[in-house]
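Enquirer: Here it is: the structure, laid out below.
The values are calculated or read from the model by the stated rules, or taken from the named source; none is laboratory data. As the structure is a computational prediction, the values presented were derived from the model and not from experiment. Note: ideal-geometry Cβ built from the backbone for every residue, glycine included; neighbour counts use all protein chains shown. Note: areas computed on protein heavy atoms with side chains; ligands, DNA, RNA excluded. Shrake-Rupley method; radii C 1.70, N 1.55, O 1.52, S 1.80 Å.
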Protein chains: 2
Amino acid sequence: MNIGFIGQGIMGRPMALNLLNAGHNVSVYARRAEMMADLLKEGALACKTPAQVASQSDITFICVSDTPDVEQVIMGEQGVIHGAHKGSVVVDMSTISPSVTRQLAGQLMERGVYMLDAPVSGGEQAAIDGTLSIMVGGEADIFRRVLPLFECMGKNIVHIGDNGAGQVTKACNQVVIAQTIAAIGEAFILATASGVDPAKVRQALLGGFAGSRVLESHGDRMLKRNFKPGFKARLHQKDMRIVMEEAHKLGVALPGAAMAAGYLNVVVEQGKGEQDSISMLELQEQASGVTVSSKI
Amino acid sequence: MNIGFIGQGIMGRPMALNLLNAGHNVSVYARRAEMMADLLKEGALACKTPAQVASQSDITFICVSDTPDVEQVIMGEQGVIHGAHKGSVVVDMSTISPSVTRQLAGQLMERGVYMLDAPVSGGEQAAIDGTLSIMVGGEADIFRRVLPLFECMGKNIVHIGDNGAGQVTKACNQVVIAQTIAAIGEAFILATASGVDPAKVRQALLGGFAGSRVLESHGDRMLKRNFKPGFKARLHQKDMRIVMEEAHKLGVALPGAAMAAGYLNVVVEQGKGEQDSISMLELQEQASGVTVSSKI
């Protein structure tokens, strides 16, 4: 199949490579042309604009950073919408605003172009291994058409609902993860301040109802003070900004999410945006005058 | 071995029964004598006071509700401390204040009596099945002496540290569980307000880093609006009160725990203390004017 892939960042590049390796023709575009070099060596076709990618593709994937980037890639002067032919599909795998996603899907549909929102989770390693979780919004028929391609990139692939539903699910995912990290930070501070080894607390909690993937993975890195990403604080900050924007539009109260979003704002403000988002532990420690550490 | 068991509530009764069934002599006491009937039928020996239980026992277990109850059982006029012989062990399996626990351990030690704090998690069913998680504080030698008896009642049995360390661990456990419930409530509200089925969101999240035992178990009951305990809101409220008291004594900031403690205060104030602690979802719904519901 003729496939397009726009965005060759830390996630997009390995995702596009997995599509190439599955035997598809892949046309690529990146704002910084040098980012395409690896893929061109593997046989991808370089394009000069997003419109050109779309004009050569039955299905065009987008994986860029933020809402305005996706708007620019799709609606900009040389955007996808100016090249995409009727009946083709645009699949946005970035994490962006659910409401803007619905707008873009509407604008594409006016030209007879389908859209899916398909944000991912799992991080760089899962992108390389082709084991991403993919949360998809859009028409069920279109989902089924794209599914074999999703299966080149991910494992836990769920069709959630209409356009935007994938982004809503990703927002929910980030709400839960951010607050779970913060909750575990509080538990570790309570343990440390009480003279109890937080690593032993973690071990005991893993076996019961407090057990989670975050306690397993992030909790271990928090105790080892390994702040290497993982998932960068500035990206988690961006995702929580989207959550709080949606909460404002929808008129709902998400006080726990707001707290975690606040932590991430300060982490980034303190110049730690390239560290893992577990760096919010350092703020919790500053607030309590406690440094979490384990002897085991 | 001669064992004592004080407290025949929803947890204590099946725990004592498992010790009886393992072939031990068990002396029992309950404030309300009728609570002992089941155990007496199975061969337990009725006592008139906590002191009498301790005088007949090498190891005396306590499983009552709150800090003042344990203080009364141990230090009261007819308390354990007046009957316990030198070298015997008092094991408190209630969930109470870590700092009061350390005081009580000190007072018992002055009489040559050892203490372990060994709060449990897992709820009534795990107490019946003998599969409780048990978090233990106190001397390692004493832990090893009691371990075979813990193994009659639980499965995930961890020695954490000195006196009080078990209670600290339980407090950390409750901090994480309360906030995870609240975070999942927010995710479900965000999904519902966005027109996305929260059950599909739950399914998608279970496969990734947002996955947790709470999302599996409590999350499912939240979607089914099954507020039957499980774990009663008034007990979770009591545990979070202990957490906030410790935070005050230690001088640490636990804003997420404070938020969840506040929800539980309101749940109990609204007369829902006998419901499961997931009932805080109803407050989150009231605050946002959204009722979480799923079509699947």
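Enquirer: At a 1.4 Å probe, what is the % contribution of carbon and sulfur to the accessible area of the stretch A:2-162?
Expert: Numbers: 3080 of 6530 Å².
Carbon plus sulfur share of accessible area: 47 percent.
Enquirer: Compare A:R13, B:R111 by solvent-accessible area with a 1.4 Å probe and give them largest first, with all protein chains kept in place. Mind dumping the intermediate values first?
Expert: On the way: A:R13 70, B:R111 125 Å².
Heavy-atom accessible area, descending, gives B:R111, A:R13.
Enquirer: When the dipole is taken about the Cα centre of the stretch A:84-161, and only Lys, Arg (+1) and Asp, Glu (-1) are charged at their Cβ, what size is it in debye, to the nearest 20?
Expert: 200
Enquirer: If I model a spin label as a point 7 Å beyond the Cα along the Cα-Cβ vector, how far apart are those points for B:E274 and A:M75 in nm?
Expert: 5.6
Enquirer: I want the antiparallel fraction of DSSP beta bridges within chain B, as a percent rounded to 5. Mind dumping the intermediate values first?
Expert: On the way: 4 of 29 bridges.
Expressed as a percentage, antiparallel bridges in chain B total about 15.
Enquirer: Give the nm distances, rounded to one decimal, from B:M244 to the matching residue in every other copy, measuring between label points 7 Å along Cα toward the beta carbon; shortest first.
Expert: Nearest to farthest, the other copies are at 2.5 nm.
Enquirer: Continuing with the same structure: Is the stretch B:2-162 best put as rounded, prolate or oblate by its Cα gyration tensor, with a ≥ b ≥ c the root eigenvalues, rounded for a/c under 1.5, and otherwise prolate when a/b is larger than b/c, oblate when not? Mind dumping the intermediate values first?
Expert: Working: a/c = 1.41, a/b = 1.08, b/c = 1.31.
Rounded, since a/c falls under 1.5.
Enquirer: So, one more: Could you give the nm distance between label points at B:S65 and A:K249, where each point is 7 Å from its Cα heading toward the beta carbon?
Expert: Here the answer is 4.8 nm between the modelled labels.
Enquirer: Identify which of B:G137, B:G87, B:G208 has the largest mean-square fluctuation in a Gaussian network model of chain B, with springs joining Cα atoms closer than 10 Å.
Expert: B:G208
Enquirer: State the answer as a single residue: which of B:G161, B:A193, B:A233 lies farthest towards the positive end of the charge dipole of chain B, with beta carbon charges of +1 for Lys and Arg and -1 for Asp and Glu, about the Cα centre.
Expert: Comparing the listed Cα positions along the dipole, B:A193 ranks first.
Enquirer: Pop a pseudo-label 7 angstrom from the Cα along the beta-carbon direction at both B:K295 and A:T131 and give the gap in nm to one decimal.
Expert: 3.5
Enquirer: To the nearest 10 square angstrom, what accessible area does A:V120 show with a 1.4 Å probe?
Expert: Accessible area, nearest 10 Å²: 10 Å².
Enquirer: Same structure, new question: Express in Å², to the nearest 10, the accessible area of A:R102 obtained by rolling a 1.4 Å probe over the protein heavy atoms while all chains stay in place.
Expert: About 90 Å², ignoring ligands and nucleic acids.
Enquirer: Just order A:4-10, A:253-259, B:224-230 by mean Cβ neighbour count inside 10 Å, highest at the front, would you?
Expert: A:4-10, A:253-259, B:224-230
Enquirer: Something else about it: Taking a 19 Å limit on the Cα-Cα distance, which of the listed pairs B:K170/B:K238; A:K170/A:K224; A:K200/B:K238; A:K170/A:K249; A:K155/B:K224; B:K200/B:K295 fall beyond it?
Expert: Result: A:K170/A:K224; A:K200/B:K238; A:K155/B:K224 exceed 19 Å.
Enquirer: Considering only the other residues whose Cβ falls under 12 Å of the Cβ of A:E139, what net charge follows from Lys and Arg at +1 and Asp and Glu at -1? Before the final figure, lay out each step's value.
Expert: Values: positive: A:R144, A:R145; negative: A:D117, A:D141, A:D162.
Combined, the nearby Lys, Arg, Asp and Glu give -1.
Enquirer: Then there's this: What order, most packed first, do the peptides B:20-30, A:157-167 have when packing is the mean number of other Cβ atoms within 10 Å of each residue?
Expert: Working: B:20-30: 19.2, A:157-167: 24.3.
So the peptides B:20-30, A:157-167, ranked by packing, come out A:157-167, B:20-30.
Enquirer: Related question: May I ask you to rank B:E77, B:E124 by accessible area, largest first, using a 1.4 Å probe over the protein chains only? Present the calculation step by step, with values, prior to reporting the outcome.
Expert: On the way: B:E77 175, B:E124 85 Å².
Largest accessible area first, the residues go B:E77, B:E124.
Enquirer: Within chain A, which DSSP H helices have Cα atoms that stretch 20 Å or more along the helix axis and a mean Kyte-Doolittle hydropathy of at least 0.0? Could you put the intermediate results ahead of the total?
Expert: Working: long enough: A:165-193 (42 Å, 1.03); A:233-250 (25 Å, -0.75); A:255-269 (21 Å, 0.99).
Sorted by number, the helices that extend far enough and score high enough are A:165-193, A:255-269.
Enquirer: Expressed as a whole number of Å, what is the distance separating the alpha-carbon centroids of the stretch A:1-35 and the stretch B:152-205?
Expert: Using only Cα atoms, the two centres lie 39 Å from each other.
Enquirer: Find the chain B residue whose Cβ sits closest to the rotation axis that carries B onto A, and give that distance in whole Å.
Expert: Nearest-to-axis residue on chain B, with distance in whole Å, is B:S212, 2.
Enquirer: Run the 1.4 Å probe and let me know the accessible area of B:F209, rounded to the nearest 10 Å².
Expert: Ignoring ligands and nucleic acids, B:F209 comes out at about 60 Å².
Enquirer: Still on this structure: For A:G87, which inter-copy label distances result when the label point lies 7 Å beyond Cα on the Cα-to-Cβ vector, reported in nm to one decimal and in ascending order?
Expert: Output for A:G87: 9.1 nm, nearest copy listed first.
Enquirer: Amide H to amide H under 5 Å from A:F231: which residues, 5+ apart in sequence or cross-chain, H placed 1.01 Å off N in plane?
Expert: Placed amide hydrogens put A:S277 under 5 Å from A:F231.
Enquirer: What nm distances, shortest first, do you get from the label point of A:M109 to those in the other copies when the point sits 7 angstrom along Cα to Cβ?
Expert: Ordered by distance, the counterparts are at 7.0 nm.
Enquirer: Send over a whole-number figure in Å² for the accessible area per residue of the protein assembly as shown, probe 1.4 Å. Write down the numbers at each step before the final one.
Expert: Details: 22340 Å² over 592 residues.
Accessible surface, normalised per residue, equals 38 Å².
Enquirer: Leaving out ligands, DNA and RNA, calculate the buried accessible area for the pair B and A with a 1.4 Å probe, summed over both sides, in Å² to the nearest 100.
Expert: Values: alone 13570 and 13560 Å², together 22340 Å².
Buried area (both sides, nearest 100 Å²): 4800 Å².
Enquirer: What FRET efficiency would be calculated for the residue pair B:N25, A:K224, taking the C-beta separation as r and a Förster radius of 45 Å, to the nearest 0.05? Present the calculation step by step, with values, prior to reporting the outcome.
Expert: Details: r = 47 Å, r/R0 = 1.06.
Calculated transfer efficiency: 0.40.
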